[in-house]
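The values are calculated or read from the model by the stated rules, or taken from the named source; none is laboratory data. The shown structure was predicted, so the numbers you read here are calculated from the model rather than taken from an experiment. Cβ: placed from backbone, ideal geometry, glycine included. Neighbour counts: every protein chain shown. All accessible areas refer to the heavy atoms of the entire protein, side chains included, with ligands and DNA or RNA removed. Shrake-Rupley method; radii C 1.70, N 1.55, O 1.52, S 1.80 Å.
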Amino acid sequence: MPQYQELPCGGQVLDIDTALKDGILGAALEPGDAAAGDAGKQPVELRKMMDELDAAGDGGGDEAVPAVFICPISLEPMVDPVTLCTGQTYERANISRWLALGHCTCPTTMQELWDDALTPNATLRQLIAAWFSRRYTRFKKRSADFHGRAADLVHGLRGTAVPRRQPLKGQARVAALRELRTLAATHQSVTKAIAEAGGVALLTSLLGPFTSHAVGTEAVAILVSGVPLDADAKAALMQPAKVSLVVDMLNEGAADTKINCVRLIRILMDERGFRPETVASLSLLVGVMRLIRDKRHPDGVVAGLELLNSICAVHRPARSMIVSIGAVPQLVELLPELATECVEPALDILDALSAVPEGRMALKDCPRTIPNAVRLLMRVSEACTRRALSMLWTVCRMAPEECAPAAVEAGLAAKLLLVIQSGCAPELKQKASELLKLCRLNYTDTLFISKCKLTRTIQ
């Protein structure tokens with residue numbers, strides 16, 4: 001006589017295999033799949049399976065995880081489902097934490113619990129294990145196929161394929177690199193297979209003075225996709241001819257190529273043996289500033305600001321070069337339009353540039369420095385307030401008769417009072433107090449109080 005099982009979603013099926021085969025839980029069998037009964041034989045534990053699938057971005061494949069597998073508390077798939085006396089099922093750790101907090105109700109129905117026993121839901125656990133086992137098996141199968149294809153492409157590009165052939169050239173080389181780039185972008189684990197097949201040395205060798213931008217674009221995109229780069233690879237990529245090609249593509253390539261070039265330079269700067277003079281190039285700095293100004297590509301703005309900030313930090317002589325290409329007024333003009341996460345690095349760059357005389361003069365001469373800096377006080381974060389206050393202090397100290405009145409007219413006095421009354425760090429309040437004293441030198445007490453807009457500040 002067949003053994004029937006109750007499903008959490010209602011109804012009866014012959015067994016777990018039947019439930020999954022018939023698509024009741026959205027995971028129909030495919031040729032080559034293991035039987036659901038083999039789920040318990042999987043050497044990989046259920047949680048480890050879930051974590052690996054999540055890390056690969058394949059938690060549910062092409063279909064959503066069945067709702068009955070989701071814990072109502074954490075909204076995550078359950079590993080150890082238990083059922084309350086109300087009939088609701090939860091992940092054991094989550095409902096145990098709920099009860100430990102002193103709650104005597106069911107989180108979903110809010111019914112009073114007449115019994116706080118947690119009954120293991122073995123049937124649901126088997127269903128979850130079977131569903132994720134199938135998904136894991138298919139994922140592993142696909143991964144093996146992708147890894148093999150990536151290795152074949154690398155060997156074809158190197159000329160080490162079996163049977164042995166000449167390395168791919170021309171359009172065939174570009175097509176192979178483009179496919180390899182797609183595999184690396186779609187499946188993160190492929191990057192390891194590329195490295196194991198000798199792909200890093202290959203990609204590094206492809207970059208040089210005679211490399212076409214079509215080949216260089218694909219090679220750089222693969223290198224920044226997560227392929228592990230050791231010290232030797234980074235040292236090879238820092239050769240002047242290779243850096244020159246990357247800078248050319250930064251200035252002449254498409255938007256995604258420019259972003260990838262900036263990311264590659266940023267990766268190289270993290271290497272212990274990096275030579276700061278590598279980034280002391282007007283062409284490089286101009287290309288980075290163009291990318292930052294292109295508001296159509298937010299990723300490019302972020303990548304460009306990060307690189308420029310790093311250059312200011314590691315190579316002080318480059319600060320004067322950055323000022324010479326007009327970076328100060330350009331960054332100041334961009335401040336009101338930048339996304340929140342970009343404001344702080346932009347202010348960091350301006351703060352670093354103000355450490356050189358040319359940078360301070362450029363800040364003072366820019367007509368938008370004072371109003372844009374005043375606007376940022378107490379707006380984004382305490383760090384941004386500190387940087388903006390530092391900019392205002394710099395320009396007001398340089399030309400107090402000219403800049404201090406302009407700052408007061410822009411509303412600085414009221415903002416400084418807010419800083420002083422806020423919960424900011426004591427040194428920040430002290431700097432605001434000193435700047436407030438500097439600003440009031442050209443005013444009578446009555447006039448300065450009116451400029452402080454105390455009524456508006458209180459409101």
Residues in region 307-321 that are assigned to a helix (DSSP H, G or I), in contact with a helix residue (DSSP H, G or I) (Cβ under 6 Å, 6 or more places away or on another chain) and either under 20 Å from Glu271 (Cβ atoms) or modelled with pLDDT of 95 or more (or both) total 8
Flagged pairs (Cβ under 9 angstrom, 6 or more apart or on separate chains; first in region 115-133, in contact (Cβ under 8 Å) with a residue 24 or more places away in the chain; second part of a strand (DSSP E or B) and open to solvent by 60 Å² or more (accessible area, probe 1.4 Å)) are Thr123/Glu6
Within region 220-264, residues farther than 23 Å from Asp294 by Cα and in a helix (DSSP H, G or I) come out as Ile222, Leu223, Ala231, Asp232, Ala233, Lys234, Ala235, Ala236, Leu237, Pro240, Ala241, Lys242
Picking from Ala255, Ala241, Ala151, the residue that is over 30 Å from Pro298 (Cα atoms) and either among the hydrophobic types (A, V, I, L, M, F, W, C) or assigned by the TED database to the domain that holds Pro298 (or both) would be Ala151
Can we say Lys242 is open to solvent by 10 Å² or more (accessible area, probe 1.4 Å), of a type in the set (Lys, Arg) and over 25 Å from the mean Cα position of the chain (by Cα)? yes
Sole miss for Ser212 among (1) over 26 Å from Gln188 (Cα atoms); (2) of a type outside the set (Val, Ile, Thr); (3) buried (at least 18 other Cβ atoms within 10 Å of the Cβ) is condition (3)
*Would it be correct to say that Ile267 is in the same structural domain as Ala219 (by the TED database), assigned to a helix (DSSP H, G or I) and open to solvent by 40 Å² or more (accessible area, probe 1.4 Å)?*
yes
If you go through Lys258, Lys234, the only one that is modelled with pLDDT of 95 or more and under 28 Å from Gln188 (Cβ atoms) is Lys258
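Conditions (1) modelled with pLDDT of 90 or more; (2) touching a Leu at 6+ places or on another chain (Cβ under 8 Å); (3) open to solvent by 40 Å² or more (accessible area, probe 1.4 Å), marked per residue:
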| position | (1), (2), (3) |
| --- | --- |
| Pro329 | yes, no, yes |
| Val332 | yes, yes, no |
| Ala346 | yes, yes, no |
| Ala352 | yes, no, no |
| Ala362 | yes, yes, no |
| Met378 | no, yes, yes |
| Ala414 | no, yes, no |
Quiz item: touching a strand residue (DSSP E or B) at 6+ places or on another chain (Cβ under 6 Å) and aliphatic (A, V, I, L, M) - does that describe any residue in region 112-122?
Solution: yes
**Message:** Being within 20 Å of the chain's Cα centre (by Cα), crowded, with 19+ Cβ neighbours inside 10 Å and basic (Lys, Arg) is the requirement here; does Lys295 meet it?
**Reply:** no
Restricting attention to region 225-239, the residues that are over 12 Å from Val200 (Cα atoms) and under 24 Å from the mean Cα position of the chain (by Cα) number exactly 0
Exactly one of Ala193, Ala219 is in contact with a Phe, Trp or Tyr (Cβ under 9 Å, 6 or more places away or on another chain) and crowded, with 20+ Cβ neighbours inside 10 Å, and that residue is Ala193
Taking region 91-123 and the residues there that are farther than 23 Å from Arg47 by Cα and part of a strand (DSSP E or B), the one that is most open to solvent (accessible area, probe 1.4 Å) would be Glu112
